[in-house]
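Step one of this worksheet: look at the structure below.
The values are calculated or read from the model by the stated rules, or taken from the named source; none is laboratory data. This structure is a prediction, so every number in the text was calculated from the model and none was measured. Quick reminder, even Gly has a Cβ in these numbers, built from the backbone with ideal geometry, and neighbours come from all protein chains shown. For accessibility, only protein heavy atoms count, side chains too; no ligands or nucleic acids. Shrake-Rupley method; radii C 1.70, N 1.55, O 1.52, S 1.80 Å.
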Amino acid sequence: MPEETMTAWERMEAAVKLKPLDRIPCAPLMDIYFPARYKGIPIVEAMRDWKKGFYSIVDIFEEVSGWDGMILPGYSIPATPHVYSGIGLGKNLFPGLELGKDEPVQFQEREVLKREDYDDIINLGWNNFKVKHKDRFNPQNEERIIRWTQRQMEKYKYEIEFWKTRGVRSLCGAMVSSPLMTLSTSRSLLQITKDIYQIPDKLEAVMEAMMDDFISDTIEAARISGEPGVFLVMERGGSFYYPLKIYERFEYPHMKRMVEAFAAEGFITVMHLDQDYTLNLPYFKDLPPKMVVAELDSCTDIFKAKEVLKGHMCIAGDVPAALSSLGTPEEVEEYCKKLIDVVGKDGGFILSTGCTCPVECRMENFKVIIETTRTYYPH
Amino acid sequence: MGKSIAQALVDFDEDFVLGEVTNRLNNGEEPIQLIRELQDGMGLIGERFESGDYFLSELLMSADLFTRAMEVLEPKLEDTALETIGKIVIGTPKGDIHDIGKNIFCTVAKAAGFEVHDLGVDVPVERFLEAVEEVKPQILGFSALITTTFKPMKEVVDLLVEKGLRENLKVIVGGGVTNETVKRHVGADGQTTDALAGLNQCKKFVSL
């Protein structure tokens, strides 16, 4: 049993900065699905009643005697005072509407943004493009959207402040997707891939036109939150989908510029890397040292990631959703210990769930994830 | 010698592929011959994917082009039956609406000669059972991206056992959330996160 000599936040900071640790910190990526399911609250109810949803996370936190940090504070959307800052272009299906009352929100692959929109984005920039086409992407009136944005900000700030009363903080106060991820989820994977092959120069110009707004809005949201980092969502640009020559042109330069811009303002970046980024790992060594966390979902080889990124950036992850949902506590413990043994050697590791904690996660397995970081640290 | 349809498919040259298919059909060529050439192209793409030269993006592009060319050819087949190497019933189980991986798998399986019965997404347990009884496939495939699918997949397999329909049927689970643990839980015979690796397992299931 390791002797604890650090506070939860000191431990999280030390992991990100690759400093010595008293033990490995644990920070599950948590939304309301698993807590609501565990508490017997239908997901639709946990989403409509924000307090009920948020406090189902808190109840889980209390039941397992806490953990060291949050990746994101809860489930409200980080926003800025800009009217449309919280509104994305992709189409989600919601429980109680398009889905059953106890099903998680699901993203619907659909071509919301058209190739014909590209000229407008190039000429107007991303935010002005969204304002010009607001009725197409969100038919609600402006007053309602402003009220929604204000409410989101209030809830978000509440969540951040609440965790401080429990001695933990959230690594990230802002969230943004890379231009490729944003375009892929609003054009569809097939259409964006056609754009890459058929109109590469124009696509590059579109991404370029998105960058300034993406960076400045994210920095503003992070400043408002008071938290140290930015959650940068990437899934669709890695080696699971694209060869490296495409990554080098359509994902990496923008991702690098964003990370560098955030770092210049003192913000760390948590790269949320869903799907397999194993072949992309060497590129990450060119990002600002000790300012980035590679957060993996179990599709990327996390042991290879340690080998490549050791001494350069922190790694977070990656208990597989299938393991926490279907495995035995003994299997989960064995995997967590292997992560601590290998990825946790010399620090620079945060034990976390692979992507968000799955709705089907077994409570006994979740407890083991938390408990193993408290009881096992052989280094 | 000019470019072949197979090579044009490998190069994602959609103007050439769709133009050539239409022209040669109009010149009286048998659709079945053109389908074979498209299948050859998908075979070449599969080889490049397996050797690591092509990625999912290339598979996606070629699968889309293959599907569009087949949309031109299939209505012209009339009574000509395509030779098939086996039947697959596939769907994304209830609670999951993702279908990118499933659709790619369906295309590569069709191109390889399987008769594919795609039930779509958010498919209820009962629909899988009905389809197995109606189609009598050699293979049942589940495509899954989220953990809510674990329960319905297992329910389908348990009911197939109960009804005596499991014995001559191979079951394969595929998708980002699946692994050996999921395969064991569901009681499946195969598992994959890669459309072409899944296809190879299906070929083995029908002993090719």
Problem set entry | Extension gain (nm, one decimal) between A:THR165 and A:LYS345, 0.36 nm per residue minus Cα-Cα | 61.7 nm
Problem set entry | DSSP beta bridge pairing in the protein assembly as shown, given as percent antiparallel to the nearest 5 | 5 percent
Exercise. So what does B:GLU130 come to for accessible area, using a 1.4 Å probe and Å² rounded to 10?
Worked result: 90 Å²
Exercise. Expressed as an acute angle from 0 to 90° and rounded to the nearest 10, what is the orientation of the C-alpha long axis of helix B:31-50 relative to the principal long axis of chain B?
Worked result: 60 degrees
Exercise. Which of A:SER65, A:SER225, A:SER184 moves most in a GNM of chain A, Cα contacts under 10 Å?
Worked result: A:SER65
Problem set entry | Heavy-atom SASA rank of A:CYS314, A:CYS355 (probe 1.4 Å, accessible area, largest first) | A:CYS355, A:CYS314
Problem set entry | With DNA, RNA and ligands ignored, accessible area of A:HIS312 (1.4 Å probe; Å², nearest 10) | 30 Å²
For this session: May I ask you to find the residues of region A:321-348 that are shielded by at least 30 Å² of accessible area once the whole protein assembly is considered instead of their isolated chain (probe 1.4 Å)?
Result: A:ALA322, A:LEU326
Seminar exercise, completed: On the accessible surface of region B:1-53, probed at 1.4 Å with all protein chains in place, carbon and sulfur together account for a percent value of 43 percent
Exercise. On alpha-carbon atoms, Rg over Rh for region A:200-261 using Kirkwood Rh?
Worked result: 1.02
Problem set entry | Where the Cα pairs of region B:73-174 fall when distances are cut into 5 Å bins, in % | 2, 13, 24, 24, 18, 11, 5, 3, 0
For this session: For helix A:329-342, report the angle its Cα long axis makes with the longest principal axis of the Cα atoms of chain A; keep it between 0 and 90° and round to the nearest 10°.
Result: 80 degrees
Exercise. Can you run phi through the Karplus equation (6.51, -1.76, 1.60; θ = phi - 60°) for region A:252-265 and list ³J(HN,Hα) in whole Hz, with x for Gly and Pro?
Worked result: 4, x, 6, 4, 5, 4, 5, 4, 5, 5, 5, 4, 4, 8
Seminar exercise, completed: Quick calc: nm separation of the 7 Å Cα→Cβ label points for A:GLN108 and A:ARG257 -> 3.3 nm
Problem set entry | Shielded residues, region B:54-101 - accessible-area loss of 20 Å² or more between chain alone and all protein chains, probe 1.4 Å | B:PHE55, B:LEU56, B:SER57, B:GLU58, B:LEU60, B:MET61, B:ASP64, B:GLY95, B:ILE97, B:HIS98, B:ILE100
Exercise. Given the rule -39500 (n - 2.57) for each run of at least 4 DSSP H residues, summed and divided by the residues of chain A, what is its mean residue ellipticity at 222 nm, to the nearest 500 deg cm²/dmol?
Worked result: -14500 deg cm²/dmol
Exercise. Just how far, in whole angstrom, is region A:269-347 from region B:132-208 if you go by their alpha carbon centroids?
Worked result: 29 Å
Exercise. Carbon and sulfur atoms: what percent of the 1.4 Å accessible area of region A:271-379 do they account for?
Worked result: 51 percent
Exercise. Summed for both chains, how many Å² of accessible area, to the nearest 100, are buried between A and B with a 1.4 Å probe?
Worked result: 2400 Å²
Exercise. So how far apart, in nm, are the two label points at B:ASP79 and B:SER51 if each is 7 Å from Cα heading toward Cβ?
Worked result: 4.3 nm
For this session: Filter the cross-link list A:LYS157/A:LYS285; B:LYS102/B:LYS136; B:LYS151/B:LYS183; A:LYS164/A:LYS256; A:LYS164/A:LYS304 down to pairs whose alpha-carbon distance in this structure exceeds 24 Å.
Result: A:LYS157/A:LYS285; A:LYS164/A:LYS256; A:LYS164/A:LYS304
For this session: Quick one: which residues, 5+ away or cross-chain, put their amide H under 5 Å from the amide H of A:VAL293? H built at 1.01 Å from N.
Result: A:THR269, A:VAL270, A:MET271
For this session: Step through the residues of region A:370-377 one at a time and calculate ³J(HN,Hα) from phi using the Karplus curve (6.51 cos²θ - 1.76 cosθ + 1.60, θ = phi - 60°), rounding each to whole Hz and writing x for Gly and Pro.
Result: 5, 5, 4, 5, 7, 9, 10, 7
Exercise. Rounded to the nearest 500 deg cm²/dmol, what is the calculated helix-only ellipticity per residue at 222 nm for chain B, with -39500 (n - 2.57) per DSSP H run of length n ≥ 4?
Worked result: -16500 deg cm²/dmol
Exercise. How much of A:TYR283 can a 1.4 Å solvent probe reach, expressed as accessible area in Å² and rounded to 10?
Worked result: 50 Å²
Exercise. Whole-Hz Karplus ³J(HN,Hα) for region A:209-224, in order, using 6.51 cos²θ - 1.76 cosθ + 1.60 and θ = phi - 60°, x for Gly and Pro?
Worked result: 5, 7, 4, 4, 5, 4, 5, 5, 5, 5, 5, 5, 4, 5, 4, 4
For this session: Compute the accessible area per residue over chain A, keeping the other protein chains in place, probe 1.4 Å, unit Å².
Result: 38 Å²
